[in-house]
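This report refers to the structure that appears directly beneath it.
The values are calculated or read from the model by the stated rules, or taken from the named source; none is laboratory data. From a predicted model like this one, the values you see are computed outputs, not experimental measurements. Here the Cβ positions follow ideal geometry from the backbone for every residue, glycine too, while neighbour counts run over all protein chains shown. Side chains are part of the model used for accessible areas, which takes the heavy atoms of the whole protein and leaves out ligands, DNA and RNA. Shrake-Rupley method; radii C 1.70, N 1.55, O 1.52, S 1.80 Å.
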Amino acid sequence: MIVAAVYFAAAKLGLRLAFYHPSATPVWPPTGIALASMLLLGYRAGPGIFLGAFLANLTTYGTVWTSLSIATGNTLEGLVGTYLVNKYANSNKVFDHPRDIFKFALLAAILSTAVSATIGVTSLALGGFARGADYRLVWLTWWLGDATGALIFAPLLILYGRDLHLRWSGQAMLERGLFLVALLSISWLVFGGQFPFVYLTVPFLVWAALRFDQRETAAVVVLLTLIAVWATSRHLGPFVGATPNESLLLLQAFMGTAALVALPLAGVMVERRSADQKTTDLHLQLRGRNALLELRVRERTRELEDAYFEMAERLAAAAEFRDDDTGEHARRVGELSAVLARNLGLAANEIELIRRAAPLHDVGKIGIPDHILLKPGTLIPEEFELMKTHVKVGAGILSEGKSGLLRLAEEIALTHHERWDGTGYPVGLKGEAIPLSGRIVAVADVFDAIISPRPYRKARSTEEAIEVIENGAGSQFDPRVVDALMAHVDQAPSRHFADAGKI
């Protein structure tokens, strides 16, 4: 009953503009109502369409039989149009894609409306309510009214019927308010007779299609149509012709064409926005997956680094185990070397690298026989010469390393027994020709060796170790590195060096 009442009211309004024949009007919104009702509600809306059409025609012109025939034609028009759109044009989602909009125009606005026009005008002619000479013009008026009713009013009803909610931000509301003011102003100029140049309205249709959604574009088409019909029926605006019917035919042809341009353009923009949104979503998903992958890679890299460093530590401990069964000397040298590097102002990554590499300084001791390495007394010259080979053995073990850690460890193993005055081994480098890492580890190694027990002697006091280091500044050790050690000793509590294992 609601569909019938709405159809009836729209039909009576449309028939008020039937200037050439009482039953044929160029403005016929009921066609749009019929199509929208059936596409949204299904074919069960058909009886409501039939009842509304019958009552509208019965109370306007003709007999019961002509009204029944016309109502049948109007209902068949909606049924045929709905069937074709459902089958070939994506049903009530017909306005989602431009290609379906053109199918809608062909199937529902051009073809199916011919059914109603043909049945209606033929019924009037057979009933004696239309002259044969007027058949062509009455049919054209009827058909064009139905066709433009489908093109102009059906999109608005279908689109808002699917989604009535408005989602406007403050900026969007401001833009729409400005648009409405501008549209009404141009409409007053064009249709008020001030400057009757109808193409001034086209930019507003393009504006709506590019900036707003399809629902709002359809609403703009309907609003512009209503303004134009109101003005044209009062002989105002650019469409005023020889007769009122001719004026409305010209107007409806223009508005139908305008709708057929604006709605597909709006559909293109919707597809573009949808594609942009999908691209954005995919980009965000990709970023999220990349971030997760990077996190997993970092975690895995950290695990590998930890395993790599642990293997290096185990290698250093293995080298020290033969003359230091705890293996702590290597670790302590690493920690003290890091302290000295920090006091010398090295970067954090360089400090950490020295801390990891320094424990490998004596890895070459693996190649020294036990009777020399563990000898409790003083080494004879031949034994000492063999002992000195551990630096080259260690460098050989660590050579050709790909990582910065192994390259630095090789450098330390080879140079930590060089002396500042050039009398060290294995090459006899002098001063700053000795790599800084070797100079740092030389101080840390000797200091810890003095305060640690060895197979050939007991541990000596921290004070004795400090005295030895200070006396060696400028001869055995780099004075700057010695100063770095003294700065550390001055800052550390007196009990800090009581146990060598705590350095």
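General observations
- With the convex hull drawn over the C-alpha atoms of region 181-284, the volume per residue is 81 Å³.
- Amide proton proximity set for Phe477, modelled H, under 5 Å, gap of 5+: Trp420
- Computed packing ranks the peptides 147-160, 41-54, 462-475 as 147-160, 41-54, 462-475, most packed first, by mean other Cβ atoms within 10 Å.
- Where only C-alpha atoms are counted, convex hull volume of region 216-257 per residue in Å³: 54
- Note that region 341-353 has calculated 3J(HN,Hα) couplings of 5, 5, 5, 8, x, 6, 5, 4, 5, 6, 4, 5, 5 Hz, one per residue in order, obtained from phi through the Karplus relation 6.51 cos²θ - 1.76 cosθ + 1.60 (θ = phi - 60°); glycine and proline are x.
- Taking a ≥ b ≥ c as the square roots of the eigenvalues of the Cα gyration tensor, an a/c ratio of 1.5 or more together with a/b no larger than b/c marks region 376-434 as oblate.
- Anisotropy class of region 121-202 from Cα gyration tensor, a/c 1.5 cut: oblate
- Peptide ranges 161-171, 117-127 listed from the most packed, as the mean C-beta count within 10 angstrom indicates: 117-127, 161-171
- Its residue count N fixes a reference of 2.2 N^0.38 Å for region 21-130, and the Cα radius of gyration divided by that reference is 1.08.
- FRET efficiency, 1/(1 + (r/R0)^6) with R0 51 Å, evaluated for Lys278 and Ala114 via beta carbons: 0.80
- Multiplying each eigenvalue of the alpha-carbon gyration tensor of the chain by 5 and taking the square root yields semi-axes of 104, 23, 17 Å, largest first, rounded to whole angstroms.
- The protection proxy used here, the mean number of other Cβ atoms lying within 10 Å of each residue, ranks peptides 189-200, 60-71 as follows, highest first: 60-71, 189-200.
- Label positions at Arg296 and Val64, each projected 7 Å from the Cα along the C-beta direction, are separated by 7.9 nm.
- Working note: Karplus 6.51/-1.76/1.60 with θ = phi - 60° gives region 271-278 the couplings 4, 5, 4, 5, 5, 4, 5, 5 Hz, where Gly and Pro are set to x.
- Nonpolar atom fraction for the chain, defined as the carbon and sulfur part of the 1.4 Å probe accessible area, stands at 63 percent.
- Accessible area per residue for the chain, computed on protein heavy atoms with a 1.4 Å probe, is 49 Å².
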